[in-house]
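Colleague: I'd like to ask some things about the structure below.
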Amino acid sequence: MPDAAAAVHPLPIASARELLPWALLAGLLLVGQLYLAGVEQGATSLLGGQLAHEYVHDARHVLGLPCD
């Protein structure tokens, strides 16, 4: 007789309705990061100074964006 503790139980699969809020949150975070790396310190700057630019300097170049 097999041990009950060693039985393998499949993981439940979440429905699209359950995943939608997490997908929206991930999308908003990614768009926010793209904004900070790509267009912050430009014409639509929300943060003053060069602090945001210095934090994402290398990410700008990886994305193919030049320095301002």
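The values are calculated or read from the model by the stated rules, or taken from the named source; none is laboratory data. Values in this document were obtained by computation on a predicted structure and should not be read as measured data.
Colleague: Any idea how many residues of the stretch 6-33 are part of a helix (DSSP H, G or I) and of a type in the set (V, I, T)?
Modeller: 1
Colleague: Additional query: Here are some residues: G64, G48. Which one is modelled with pLDDT of 75 or more, part of a loop (DSSP other than H, G, I, E, B) and of a type in the set (G, A, S)?
Modeller: G64
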